[in-house]
């Protein structure tokens, strides 16, 4: 899936309009590329064609050129609608359910070393399932508990993965 | 010869390896069938758990997941009209119309048999071509490796239907991510921003899980309301007469699959689409019109995409260049297990090659068994609601990234790459070239510097050496042709020719 550009009416020469947020994203990619080129130059400058920084410079220069092409292409296509860009961006790229889920994932990743794998994952699963529209609490609790038990059992024993225990819990029982 | 046979049969005779191959194939089929869970994602996540295993155990599991996953995508394409993997897009064109007629069982059975045939053709090609090609690969100069790696990245962008410019950007980004850390030749800091933790570089497993796992889940959040349609799944095993009728087409399209799969950067998805196109052009009297349930429309893509698995192993084993995104991930796993894919791997450790061939053959046999059984259970699993499935995948992603170094920092990298990968996907970028770039970056850097040193640091001599041997000239021509084929001028010329 991607944000499909809306086709413009009017014959073969019509260009598809740019999706909401595309120009900003391409401009950010260009800025990132320029920053990386500057960083690559900082490694060893132009001291030699075989220096440590030469290949990174070539790669980042490629990024700069291609990102500039995206910005140009995006500018030439024109916006899909003259107003309501922000609303269109939110609706098509970051709808509330997406933002909520992304936030839940970020919180989960932050909670993982603190609450431990089992605690953080259980809370994350319950919260996310509810957020995404699974309203049957009993089913959510059952599926979360059973899957975590399976994941913990399989990965801790068969795959020998030492899952995080959780710094808060460890401090609690110290 | 006897030693090769011994290693070939190792996974067949060791009960634990036998179990792992079966488990990998089973998991691959079911993961590949769930829309949104790609084979690359499955291999990326599961591979991270195998780093502490013996290399043989990891390789058997990976072989099973790869073969099973490529096949598994066809199941949901037929039953739900949602391809489980990009390689099954063409399968749904005729598979779903067959399912709507109540012939899903027959369609799945036929798909399973031709997938197995395709798989055997691909593995046979690997067994025959790879040893010969690895000796030839010793003639490759550093400049040839540099061009092959660039060509591989370009091909992904060009052949997957996306924009070549976006493919180039994504590939260059992957190369830069792989440069983070200490330069292996001079130990200079590159993109470390003064942080000691950055000197070890960024774990490409964390990046892979982020780009393929987290990003894909975030994309799937837009399709939460897609409902599964229940289908009738009876009469699975196809008759011998039906198989015999389609055998010539299956063999032809398997050959297409091997060749396309062996191209650096091209994989089963492109092979399947090319095979479908071949079937449409070459079959004069299909069982039904194409797009309305032609059996030939199932046979062609399914033979080709499984044959592409063996094909994709050829450049991976002989040149160390990934055939597609999954083999890029597998190369990463081999490096972590202390192996260096390339011509010397084939020469120094031929047993490993025959072990992989044996595991693939075994996985293909399990594919036939699992493919023809458990369809009803399968239909239930594929219908798992996304509000339950997606959070579970994210938990698996987190465990996978954490397991690489038992370090939460890798989980943060995974999350960052996942969110960045989501926006890349939303604006039409392919994430495959990023991973190819990450895998091939160190090889490209080394090859560029070796080639430049051999040209005494003179740019003109460096450029001239690309035409100094027929091999370099051929690769250069292929590279330029790939770029040229994406230009408006070329498209106009093809359109008017």
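Each reported figure results from applying straightforward, stated rules to the coordinates on display, with no laboratory input. Since the structure is predicted, the reported quantities are computational estimates derived from the model, not experimental observations. Positions of Cβ are generated from backbone atoms using ideal geometry, with glycine treated the same way; all protein chains shown enter the neighbour counts.
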* Structure fact -> Distance in nm between residue A:48 and residue B:492 label points, each 7 Å along Cα→Cβ, equals 4.7 nm
* Mind checking the mean number of beta-carbon atoms from other chains within 10 Å of the Cβ atoms in A:45-56? -> 6
* Mind computing the radius of gyration and Dmax over the alpha-carbon atoms of the stretch B:1-139? Å is fine for both. => 17.1, 55
* Per residue of A:110-118, how many C-beta atoms from partner chains lie within 10 Å of its own C-beta, taken as a mean? -> 2
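Report Rg/Rh for the stretch B:327-367, rounded to two decimals, where Rg is the Cα radius of gyration and Rh the Kirkwood radius. The partial results should precede the final answer.
Working: Rg = 11.4 Å, Rh = 11.1 Å.
In the stretch B:327-367, Rg relative to Rh is 1.02.
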* To do: From the C-alpha gyration tensor of the stretch B:87-211, pull out the three semi-axes of the equivalent ellipsoid (sqrt of 5λ each), sorted largest to smallest, in whole Å.
  => 40, 23, 15
* Starting from the Cα of residue B:247, step 7 Å along the direction of its Cβ; do the same at residue B:182; then give the gap between the two resulting points in nm. => 6.0 nm
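Would you mind classifying the protein assembly as shown by shape? Square roots of the alpha carbon gyration tensor eigenvalues, ordered a ≥ b ≥ c; an a/c under 1.5 is rounded, otherwise it is prolate if a/b is larger than b/c and oblate if not. Kindly include the intermediate steps, with their values, before the conclusion.
On the way: a/c = 1.20, a/b = 1.08, b/c = 1.11.
Here the protein assembly as shown falls in the rounded category.
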* Take peptides B:93-100, B:251-258 and line them up by average Cβ neighbours within 10 Å, highest first, as a rough protection proxy. => B:251-258, B:93-100
* Per the helix-only calculation at 222 nm, which mean residue ellipticity applies to the protein assembly as shown, given -39500 (n - 2.57) for every DSSP H run of n ≥ 4 and division by its residues, nearest 500 deg cm²/dmol? -> -23000 deg cm²/dmol
* **Helix B:296-319 vs. chain B, principal-axis angle (Cα, 0 to 90°, nearest 10)** => 30 degrees
* Peptides A:126-135, A:42-51, B:105-114: what's the order by average Cβ count within 10 Å, highest mean first? -> B:105-114, A:126-135, A:42-51
* Structure fact -> In whole percents, the bins of 10 Å from zero upward hold the Cα-Cα pairs of the stretch A:96-172 as 19, 43, 33, 5
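Within 10 Å of each Cβ in B:428-441, how many Cβ atoms from other chains are there, averaged over the peptide?
Values: counts 7, 4, 0, 0, 0, 0, 0, 0, 0, 1, 0, 0, 0, 3.
Across the residues of B:428-441, the mean count of other-chain Cβ atoms within 10 Å is 1.
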* Asked: What list of whole percents do you get for P(r) of the stretch B:388-497, with Cα-Cα distances grouped in 10 Å bins up to the one holding the largest distance?
  -> 11, 22, 26, 20, 17, 3
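Efficiency by 1/(1 + (r/R0)^6): what FRET value for residue B:2 and residue B:468, r their Cβ-Cβ distance, R0 = 30 Å, to the nearest 0.05? Let's see the in-between values first.
Working: r = 43 Å, r/R0 = 1.42.
So, using R0 = 30 Å, E works out to roughly 0.10.
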* To do: Kindly state, to the nearest 0.05, the FRET efficiency for residue B:235 paired with residue B:284, given R0 = 22 Å and r defined as their beta-carbon distance.
  => 0.20
* **In nm, spacing of pseudo-spin labels at residue A:90 and residue A:135 (7 Å Cα→C-beta vector)** => 2.4 nm
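I need the shape label for the stretch B:108-160. Rule: rounded when a/c is under 1.5, else prolate if a/b > b/c, else oblate, with a, b, c from the alpha carbon gyration tensor.
It is oblate, given that a/c is not under 1.5 and a/b is not larger than b/c.
Using only alpha carbon pairs under 8 Å that are at least six residues apart, calculate the relative contact order of chain B and give it in whole percent.
Working: 996 pairs, mean separation 135.0, N = 497.
Once divided by the residue count of chain B, the mean separation gives 27 percent.
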* Asked: When all C-alpha to C-alpha distances in chain B are sorted into bins of 20 Å, what percent of pairs does each bin hold, rounded to whole numbers?
  -> 24, 58, 17, 1
* Asked: So for the stretch A:22-92, Kirkwood radius off the Cα pairs, Stokes-Einstein at 37 °C and 0.692 mPa s: how many µm² s⁻¹?
  -> 238 µm²/s
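Using a 10 Å cut-off on Cβ atoms, rank the peptides A:71-80, B:198-207, B:267-276 from the highest mean neighbour count down. Each step should come with its number before you reach the end.
Numbers: A:71-80: 15.2, B:198-207: 20.8, B:267-276: 30.2.
Averaged packing, sorted descending, gives the order B:267-276, B:198-207, A:71-80.
Just want the ordering: B:411, A:64, A:154, from fewest to most Cβ atoms lying within 10 Å of their own Cβ. It would help to have the intermediate numbers written out before the result.
Values: B:411 26, A:64 20, A:154 13.
By the 10 Å Cβ count, ascending, the order reads A:154, A:64, B:411.
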